[in-house]
Structure formats: structure tokens, C-alpha cells
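Asker: Here it is, the structure, as C-alpha cells.
The values are calculated or read from the model by the stated rules, or taken from the named source; none is laboratory data. Values in this document were obtained by computation on a predicted structure and should not be read as measured data. Don't worry about glycine lacking a Cβ; one is built from the backbone with ideal geometry, like all the others, and counts go over all protein chains shown. The protein model used for the area step is the full one, side chains on, heavy atoms only, and it has no ligands, DNA or RNA in it. Shrake-Rupley method; radii C 1.70, N 1.55, O 1.52, S 1.80 Å.
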Amino acid sequence: MFKATLAGLLAHKLRLALTAFAIVLGVAFVSATLTLSNGLQTTFDNIFNTTPTGVAVVVRGHVEPGGQNGGFGDAHRPVPDSLLAAVQQVDGVTAAEGVVFRAGASLLDKTGKPYASSGGPPEFATNWIESQALSPYRIRSGSPPTQATDVVIDAATASAHGITVGQRIQYVINGGAIQTFTVSGIAGYGSSDSLAGATISLFRLDVAQQQLGLQGKFDQIDAASTQGLSQSDLRDRIAGHLPSYAEAATEADAIGQQVAGIDSFFGILRTILLVFALVALFVGSYIIINTFSILIAQRTRELALLRALGATRGQVFRMVLAEALLTGIVASAIGVVAGLFLAHGLYSLVSSVGNGLPKADLVLQPSTVVIGMVLGTVITVVASILPARKASRVSPVEAIREASDAAQPLGTRRIIVGVAVSLLGVIGIALGLFAGTSVAFQLLGLGALLLYLGVSSLAPLTVVPIAGLLGAPIARFRGTPGKLARTNAIRAPRRAAATAAALMIGVSLVVGIAVLTESAKASTQVALQQAVKADYMVFPGGASGQGAISPMTTAALAKDPHFSAVDDLKQGTILINAASTAVFSANPADYQDFFTLDVASGDPNSLGQGDTIFLDETLASNHGWRVGDTIDVNFPQTGATVKERIGCIFNPNAITTGYMISSQQYAMYFPEAQTFIILVRAAPGVSHNAGLAALNKDLAAFPTLKAYDQASFLALQSQSLDQLTQAIDIFLIMAIVIAALGIVNTLALSIIERTRELGLLRAIGLTRRQTRTMVRWESVLIAFLGLILGVVVGLALGVAVVRALAFTGLGHIAVPFVSLLWYAVGALVIGLLAAILPARRAARLNVLEAISTE
């Protein structure tokens, strides 16, 4: 039987090539994802772990819930610089220095524009550490900063932008005005040119404190120990001298926390990419099932002869599984190696767009090889079980007749099972969307999987009505080839449905994402029209909300006579029931001049009353709160816990969601203010364009900020959403390409199966051109079948997700009809391209040889 297995593979090697290629693509995606994420993670970890410093213990404030410092892990509260003397006096401390390290130092180019885009590497400002025993920075050229206008820049940034010692460069720090500094030196981070690709600007300590708004404070204090004293012993000694607001940690623990944050980020990235890879493999499994099913049907006589010669059912079953096993092993091995090249391509693509990635060592790790091989092989074998089971049931008597399994109608049992599985999938998706459990994503994934399996099992029921309806105009306008194409598409519903189901998965995901994106745009537009009264908005770094806005900006704009009112909104993190959540503040005196709350209950004028909080209807409903109830709110920056009375409950939209407090409360409990938007109204008599021009002129002094009116803000939001959608669609293209290969495979195998039939058609007058036309339109019908199923499932999933996200203000469902038309064009193109090789092969069949084929 082993020899028979090898002979079967060699006899059908061309037929199995496309199946193997589908596995190659899927496994390559998995291998590339693991290789890229592991390589980058190892590179980043090594930068932190291998940079030598003499720091033994780090003193810092406790973690601020929800606080972030440029994405590099949780932010700790600062400590007063008076604590430095106490640390220096601890027995065993040989040196100690204060450190400030914050994001927000934006470097400008020679035209006065920021170098970094919103998606570029983070930019940090810190102080030069005098003690080289404590500093990871090493001067490559020049000297440390000694003057108030001196700065040391990291070597990677200096090289990238051609910055040299002595050059005068400009910065905007924390969204403020332009400032000029002189490059006194260029430094490396240990042996690296930079800290994980980030831009690092080092100033004199007092300058860094003043620029970052940390006068009299340090982000942390680094301490070195005497020789022979362990980090843990020094930590315990220092901890005994610290007040309650501070904590001590060994350098190893501090680095471990940073590394854990980086590992967590790459873990999330790896998971997201693996989801797309698994989707590609899932689509590939349909091709495997379909290919082996067709091959089994075509080899009915061969298998029956084996049974007649004494092969048992078990031997036939194992023979087919062995074919799948060998195919899976070979294809997975090729895919793993291909993934290494794909990983290098992805790394080059990401690096080329300016994300500042450090040089990464992308090598195939043993775990990647094992995962890729096992995953690809197991999916191939599992997908072949049903065809193998069908092959084992071929009886010896079937050696004298042909089988046509694919044309058999669906049994009642399959219909019942298909409906049940689909319902279970819907329930799983509903639980994942609405239950709010910790396993929401797992429930969503399981529900989607079951829904796809259920719909796929029922898909043969749709082949005759859909393909018959779509094929009617083809049959009318394309004559005999069109009629034959329509007949061929519906003659084997199971086969056509299995082929279309692979395309359905990719299309449904694309359509679902498109519905979500279009709904987000519509919700934002409605919220702008109904809620925002401001004529203009100012955001840091675009409307992404990243970056900072200096308080001086609001004051500067308020002096411009072109504007009748200028105010800003600030944001922060609060704790409610020990869970961190966001809160924004507004000025009770004039906030209703800038935006309107869609009040559900309560008094929108009560914001200025003491200890009053507003919140949206979703939060109130989830907690069972009503207007007048009192809730405990903890403000982490000060540690205060306040009993806040609910003064108003409003309906959320894309602009106003979550919790809201007065600007007076915010000033008391958030000493480190964070403004995220400035709202501006034009003065009476000032035209819209004149006001916008005046605002842009004022913001020329603040180049990291940008002004928007409602139209430009909506356009920017739409552009950001479109870019995200395009990025997702790029990853889904792999699944769609595999689905297209499935159509090619099915057509190629069906042409082999219909060789004699094609020969007879040619003999009675069907030309080569008509043969190609017939195969092309048959392919198009299958592609459109997958498109229609995918659109239906995708619309259902998209609408369900939008409804589930209503609490975020996503309250309007919008269907992207224009995109659906483009998807239809795409299905036509896929069908035509997939038919090129099969149609060519069908047209070139030798008529006499085809007629004599059995």
C-alpha cells in the first residue's frame, strides 16, 4: 500500500500542485509572522538586557493606572527631587542621580516641520546623566550638554537626518512653541545607535525638568551599589528610607517590567497576524477537501480495483491519509522556508515607511519550524479525513461503473447539522459581542468558525438558484457556451459550493470590515453635525490625539480677535470600582457653546456643582446607576477618592463618550494636565475661511498642532479608517488568492473528469474559442457564488459588530454600496483569471484522444 500511495502521488502530482501551493502560502504567512515578531522581540529585549550600566536600584513612584510613557510600559508617578538626598545617604549607595524621561520632544526639519509622522518612532526627552557608572549613553562625538541651549542627540537620529555636532536644530516639546538648541554631542545607547529605534534628545537636568513640566520632580532615581552588595540587598536598604509614595526596585526587575511590556506588545502583534494566517490556512483546508474529494471521485474505479485485489477499507483509508500526510509535509517545509523570505520582505516594508525599527536578526527558530510544519501538516491531514473516509467506502463492484458523488443532493441529516452549527455560531458571536466576558475574543473566533462551517455545509442548497439566476443572462447573451457554462456550474452543487465557500470566507471578512468602517464614518459625521458647535478644532499630531498641547496655545489663540470663544478639553485616568477608565473635562461656564450633550436624563447645567460627574447611558445601564446616585471615584495622580454625584446621563456618540467632570475638578485632581483638543468659535462677522486662515497663522508657532474644520476633520478620520481597512485587506488578500487557486484547482480537475465529454462537444462542432468561453463563464459563476455568500455573511457580521459597539458612539449603520460594486468587479476578475489555465487546457484537448478516454 505504501508503494501504491507513492504511485498515486506521482500519478497525480500536477493535480495536487495547487493544493500544496495553498498550504505553502498559509504556512509561509505563519512562519513569516513568527519569524518577524520573534526577531524584533529578541532585538528589543537585547537592547534593554545587554546595555551595561552600573544602576543597581531604581526609586520611583507607584504605577499610575492607565498611565503611559510613549508606549514603553506603565508610567510611574514622579517623585520629588528632594528624595535624592535621602537615597544618596543610604549605606551602600555609591552614586545616585535623578532621571526624567518623557515622550514629546518633537524634532523639526529645516523647513520647521516635524520629522516624525504620526506612525513614526517615538520621540523622548531626557537628561544627561553625569555619572558614567549610571548612564547607558556614551558620547560618540562632541561633548555632554553644559549650556541651557545644548542638546545631545542619539546616533541613529543624527545619521538619519544628517545632524552634526555644532548644528542648531529646532524642537517642539509637549506641543509648545518652537525652540532652538545647539547639538553639543552625538551619543549611542550602549553599543547601539539608539534605544530600540526611538529618537532620544538629552538635555541638561534642569532644562529637561523645565521643558517636561517636571520642575522639582524626577521620574526616577538611579542608584549604584558598593562592590559585593547585591541589588536586592540595596533595594531593601533603600526601601526602609522611602516615604509611602515611593518604591524601590532592582534594576533587573525594572528592566524585566520594560521587557514584559515590549513582549506583551509583540504578543498582541503576533496574535493579530496569526489570525490572518490561520484564516488563510482555513481557506486552504477547503481546497484540500475539495481536491481530494474530486480525486477520489475520479479514482473510484482505481480504488475499487484495489479493493478487488484484497485491500481492506482501513488500508484504503490510510493510503489517502498517507497521500495527504506526504503532501502536507512537503508543502509545509517549503512554506516554512518561504516564510523566512517573506519575513525579510515585511521587515523591509515596515522599515521603509519610517518606523525607526532597529536592525533585527530574522532567523528561523526551531519553534517556528515545528509550529509551521505541525500546523500545515495537521490541517492537510485533518482536511483529508472526510475524502479518505469516502474512499474507504468504495466497494469492489464499483470498478465497473463511474461515481458522481458531487451531483448527489444534500441529505436531511446534513441540512439539520448545518442549521444547528450555524445557530451555534450565531450564539457564539452574540455572546462574544454582548456578554462582556474575559473570553470575548475566543467566543467571537469560535462563533465565526462555526458560522462559516454551517453556512458552507448548507451552501450547496444555494448553488442551483443563485448560479441558475446569474447564469440566465450568460446563457442568453453568450449562446451555447453560456448555456453549457450555466449547466456545468449547477451540475455538481457540492463541488461548486465547496469551491465558492473558500472565497466566501475572504469576501465576508472584507465586507464586514467595510461595513464597520463605513458605519464609523457615518457615526462621526452625524456626531459632528449634531453635537459639535465649534467652528474649528485643534489636535496634536493630527486627529489621532497623540502628542501634547501646551496650555500656552489656548491662551495664545484666545487673544486673536478673529475668535469669539476658545476653550480646551482635557483628559485623564480615573479608577471606578478599582478599574481604570478615561475621563474628560469641560468648562461648565461655556462647554455648551462648543458641543451639545444628547441628554438622556438629568441637568446638563449641573456640571459646575461641587463633586458632580456626568456619564454616558451605556455606563449607567451597565452599572445600574441613575441621576442622583453617588459613586466613589479615585483620582490616581493625587490618590484622592471622592464621592461624586451623577448630575447628568447622556447618550454617547462618536465625539462624547465615557465620563465627564468640570475643568475645576480636573485642575484639583490632575496636577499633570493633558489637553487633547482645543475648540474654537469664529467671531461675529468673520467668515469661515478667514477664521480658518487666522487659526493656521496662529498655529505656525506650534508646528506639531493642526487646525481642522468639520469637513477636514471628517476627511482625516475617513482617511485614517481607510488606511486601516486597506492594511487589513492586504492581509486578507492571502486568503482570497488561496480561494482563487481553489477555483483553478476545481476547474482543472473537472476538465480532466470531463475529458470525454469535451471531446464529444468538440467533435459535434464546439470550437476552441467557445470551449474557452464556456470554462471562463463557469469560473465566473463560481466566483460570483462565493461573492454573494460572502456579502450576505459579511453584512450580517458587520451589522452585528456595529450594534455591539454602540456604547462607543458607533450608532449608525452604513453599507458601502460602492465598495460592494468594486467587490463584484473583483469577483469577475478572479473568475476570469482563475479560468485562464483550465480554459487553455480544455481548448487544447485532442478530439480523438478525448473521445477515447474512459
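Asker: Calculate for the chain the 222 nm mean residue ellipticity that helices alone would give, adding -39,500 (n - 2.57) per DSSP H run of length 4 or more and normalising by residue count, nearest 500 deg cm²/dmol.
Answerer: Working: 26 runs with 467 residues, N = 854.
The helix contribution divided over the chain gives -18500 deg cm²/dmol.
Asker: Only four residue types carry charge here, +1 at the Cβ of Lys and Arg and -1 at the Cβ of Asp and Glu. Report the dipole size of the stretch 171-261 about the Cα centre in Debye, rounded to the nearest 20. Mind dumping the intermediate values first?
Answerer: Values: 4 positive and 9 negative charges, 50 e Å.
Here the size comes out at about 240 debye.
Asker: Same structure, new question: Among the DSSP beta bridges whose two residues both lie in the chain, what percent are antiparallel, rounded to the nearest 5?
Answerer: 80
Asker: Take R841, R495 and sort them by solvent-accessible surface of the protein heavy atoms, 1.4 Å probe, largest at the top.
Answerer: On the way: R841 125, R495 30 Å².
Reading off the accessible areas and sorting them downward yields R841, R495.
Asker: Is the shape of the stretch 718-854 rounded, prolate or oblate, going by the alpha carbon gyration tensor and its root eigenvalues a ≥ b ≥ c, with a/c under 1.5 for rounded and a/b larger than b/c for prolate? Don't skip to the end; give the middle numbers.
Answerer: Values: a/c = 3.52, a/b = 3.34, b/c = 1.05.
Judged from the Cα gyration tensor, the stretch 718-854 comes out prolate (a/c at least 1.5, a/b above b/c).
Asker: Ok, one more. Would you please classify the overall shape of the stretch 206-294 from the alpha carbon gyration tensor, given that a ≥ b ≥ c denote the square roots of the eigenvalues, rounded means a/c under 1.5, and beyond that prolate means a/b larger than b/c while oblate covers the rest? Please list the in-between numbers first.
Answerer: Numbers: a/c = 5.27, a/b = 2.70, b/c = 1.95.
Since a/c reaches 1.5 and a/b is larger than b/c, the shape of the stretch 206-294 is classed as prolate.
Asker: Just want the answer: with Cβ charges of +1 for Lys and Arg and -1 for Asp and Glu, which residue in T146, I415, L516 is farthest toward the dipole's positive end in the chain?
Answerer: Farthest towards the positive end: I415.
Asker: Whole Å is fine, so just give me how far the alpha carbon centre of the stretch 746-802 lies from that of the stretch 487-532.
Answerer: 21
Asker: Now for a separate question. Residues of the chain: accessible area per residue at 1.4 Å, in Å²?
Answerer: Values: 37370 Å² over 854 residues.
Accessible area per residue: 44 Å².
Asker: Pop out the ³J(HN,Hα) list for the stretch 229-241 in order, Karplus 6.51 cos²θ - 1.76 cosθ + 1.60 with θ = phi - 60°, rounded to Hz; leave Gly and Pro as x.
Answerer: Going residue by residue, I get 8, 6, 4, 5, 5, 5, 4, 5, 5, 5, 4, x, 10 Hz, with x marking Gly and Pro.
Asker: If you compute Cα extents along the principal axes in Å for the structure shown, which of [x] 97, 66, 57; [y] 88, 68, 64; [z] 97, 70, 51 do you land on?
Answerer: Computing Cα extents along the principal axes in Å and matching it to [x] 97, 66, 57; [y] 88, 68, 64; [z] 97, 70, 51 gives [z].
Asker: Follow-up question, since we're still on this one. Where Lys and Arg each count +1 and Asp and Glu each count -1, what net charge lies around Q88 among other residues with Cβ under 14 Å from its Cβ? Can you show the working numbers first?
Answerer: Numbers: positive: R237; negative: D81, D91, E97, E130, D222.
For residues surrounding Q88, the net value is -4.
Asker: Hey, another quick one. Picking from V642, P671, N290, whose Cα lies most toward the positive end of the charge dipole for the chain (charges on Cβ: Lys, Arg +1; Asp, Glu -1)?
Answerer: N290
Asker: Let me cross-check D236: its accessible surface, 1.4 Å probe, with only protein heavy atoms counted, in Å² to the nearest 10?
Answerer: 90
Asker: If you don't mind, there's one more thing I want to ask. If you plug each phi of the stretch 501-510 into the Karplus form 6.51 cos²θ - 1.76 cosθ + 1.60 with θ = phi - 60°, what whole-Hz ³J(HN,Hα) values come out, in order, with x for Gly and Pro?
Answerer: With coefficients 6.51, -1.76 and 1.60, one gets 4, 4, 6, 4, 4, x, 5, 4, 5, 5 Hz.
Asker: Any idea what the dipole of the chain comes to, in debye rounded to 20, about its Cα centre with Lys/Arg Cβ at +1 and Asp/Glu Cβ at -1?
Answerer: Using Cβ point charges on Lys, Arg, Asp and Glu, the chain gives about 5620 debye.
Asker: If you don't mind, another one. Using modelled amide H (1.01 Å from N, peptide plane; none on Pro or chain starts), what sits under 5 Å from the amide H of H76, excluding residues fewer than 5 places away?
Answerer: Excluding prolines and chain starts, which carry no amide H, the hits are E64.
Asker: Mind giving me the nanometre distance, one decimal, between the label points for V799 and D206, set 7 Å out from Cα along Cα→Cβ?
Answerer: Using points 7 Å along Cα→Cβ, the separation is 6.8 nm.
Asker: If you roll a 1.4 Å probe over the chain with all protein chains in place, what percent of the accessible area is carbon or sulfur?
Answerer: On the way: 22720 of 37370 Å².
Using a 1.4 Å probe with all protein chains present, the chain comes out at 61 percent carbon and sulfur.
Asker: Related question: What length, rounded to one decimal in nm, is gained on full extension from W822 through to V439, with 0.36 nm per residue of separation minus their alpha-carbon distance?
Answerer: On the way: separation 383, 0.36 × 383 = 137.88 nm, distance 3.56 nm.
That works out to 134.3 nm of additional length.
Asker: Determine the alpha carbon to alpha carbon distance for each of K533/K570; K570/K643; K217/K697 and list only those over 25 Å. Write out the running numbers ahead of the final one.
Answerer: Details: K533/K570 18 Å; K570/K643 21 Å; K217/K697 35 Å.
Correct reply: K217/K697.
Asker: Something else: On a full-extension model of 0.36 nm per residue, what is the gain between T638 and Q315, subtracting their alpha-carbon distance, rounded to one decimal in nm?
Answerer: Numbers: separation 323, 0.36 × 323 = 116.28 nm, distance 7.40 nm.
Roughly 108.9 nm would be gained on extension.
Asker: Under 8 Å for C-alpha pairs, at least 6 residues apart: give me the relative contact order for the chain, rounded to a whole percent. All intermediate terms of the calculation are to be shown ahead of the outcome.
Answerer: Values: 1620 pairs, mean separation 136.1, N = 854.
After rounding, I find 16 percent.
Asker: I need the phi-derived Karplus couplings for the stretch 141-146: 6.51 cos²θ - 1.76 cosθ + 1.60, θ = phi - 60°, integer Hz, Gly and Pro marked x.
Answerer: Result, rounded to whole Hz: 7, x, 8, x, x, 10.
Asker: Once fully extended, how much extra length lies between F477 and D629, figured as 0.36 nm per residue of separation less the alpha-carbon to alpha-carbon distance? Each step should come with its number before you reach the end.
Answerer: Details: separation 152, 0.36 × 152 = 54.72 nm, distance 7.06 nm.
Answer, rounded to one decimal: 47.7 nm.
Asker: Can you tally the net charge around L242? Count Lys and Arg as +1, Asp and Glu as -1, for every other residue whose Cβ sits under 14 Å from the Cβ of L242. Let's see the in-between values first.
Answerer: On the way: positive: R60, R77, R235, R237; negative: D236, E247.
Surrounding charge for L242 is +2.
Asker: Same structure again: Taking the chain as the reference, fit the longest principal axis to its C-alpha atoms, fit the long axis of helix 817-834 to the helix C-alpha atoms, and give the angle between the two in degrees, 0 to 90, nearest 10.
Answerer: Helix 817-834 sits roughly 50 degrees off the main axis of the chain.
Asker: What's the ranking of 514-527, 756-769 by average number of surrounding C-beta atoms within 10 Å, highest first?
Answerer: Final packing ranking: 514-527, 756-769.
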